[in-house]
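To keep things clear, I will list the structure first and then write my remarks on it.
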Amino acid sequence: AAIVSPIAGTTRDVVETALNIGGYPVLLSDTAGLRESEDPIEQEGMIRARSKLQEADIVVAVIDSREVSQDLSGICDFLQKYLKQVINVDCDENQPGRRRCFILVLNKADLLEEEIQGGLNRVICQQELPSVCLLSCKTGHGFQEFLQMLQHRITQLCGDPLMGSPSLTQARHRLHLQNCEKALEQYHHYRAVDLVVAAEQLRLALQHLGRITGKVGAEEILNIIFRDFCIGK
């Protein structure tokens, strides 16, 4: 079990666990907190945390709700500044361009007075901040709303399987699609330079798609036979 402490800087390594959230397989990674530190070991933990952040499809940023409770009128500016400076994510989801999905969790709500809790909730609702969730990990208050928000984000990311939208549940499928994308990029690069090389990139792209859909050629079948079976000569 991981060490849990109220002292900042306790988490150093990335701790991961597999979860099933709304029927979707999810790999949850808990990382070191991001802050200013002179401790070289904690700095290494933050380097690993930022590396994992770049790999993540959904970022769940957890901060102490007491840090934003003093000035409720400036909560939007605070969130913008925090997300841009600490985890380099733009809070404004209406801006064009592809951005990583994120949820900002304001934790330790149990340490706030009821009046301040209510004020935070009202500001979040009035400012239409769907990616912000106020909760308490200690008491469980707001946790169900957080799970619903997380499941909604996962559904947006992966698609609803009941509606026919595919979700990538195998690393092999993801790898073949990534290789297919690279081959298509090479095709666009070479099509005005060398048609032979461009055509080969198209063939590679089709090959990677075929390995997902099951459409393979004679060469692949022979490779599987000689790899997986003992053939006498």
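Each reported figure results from applying straightforward, stated rules to the coordinates on display, with no laboratory input. These figures come from a predicted structure and were not determined experimentally. Virtual Cβ from ideal backbone geometry, glycine too; neighbours counted across all protein chains shown.
For segment 1-70, the normalised intensity computed at q = 0.18, 0.25 Å⁻¹ comes to -0.81, -1.22 (log10 of I(q)/I(0), Debye sum over alpha carbons, equal scatterers, no solvent). Here the contact order of segment 109-150, divided by its residue count and restricted to Cα pairs under 8 Å and six or more residues apart, works out to 36 percent. Of interest is the spacing of the C-alpha centroids, which for segment 18-49 and segment 133-152 amounts to 19 Å.
As a calculated quantity, the FRET efficiency between Lys52 and Leu184 at R0 = 22 Å, using C-beta atoms, amounts to about 0.20.
Relative to the current alpha-carbon distance between Gln126 and Val193, full extension at 0.36 nm per residue lengthens the span by 18.6 nm.
Pop the C-beta distance of Arg172 and Val15 into the FRET formula with R0 = 30 Å and round what comes out to the nearest 0.05. Don't skip to the end; give the middle numbers.
Numbers: r = 26 Å, r/R0 = 0.85.
E between Arg172 and Val15, to the nearest 0.05, is 0.70.
Each listed q (0.21 Å⁻¹) maps to a log10 I(q)/I(0) for segment 108-155, found by the Debye formula over equal Cα scatterers with no solvent: -0.76. Sorting the segments 13-20, 145-152 by their mean number of nearby beta carbons within 10 angstrom, highest to lowest, gives 145-152, 13-20.
Fully extending the segment from Leu27 to Gln43, taken as 0.36 nm per residue of separation minus the present Cα-Cα distance, adds 3.4 nm.
Using r as the Cβ-Cβ distance of Glu114 and Leu34, and R0 as 30 Å, what FRET efficiency do you calculate, to the nearest 0.05?
The pair Glu114/Leu34 has a calculated efficiency of 0.50.
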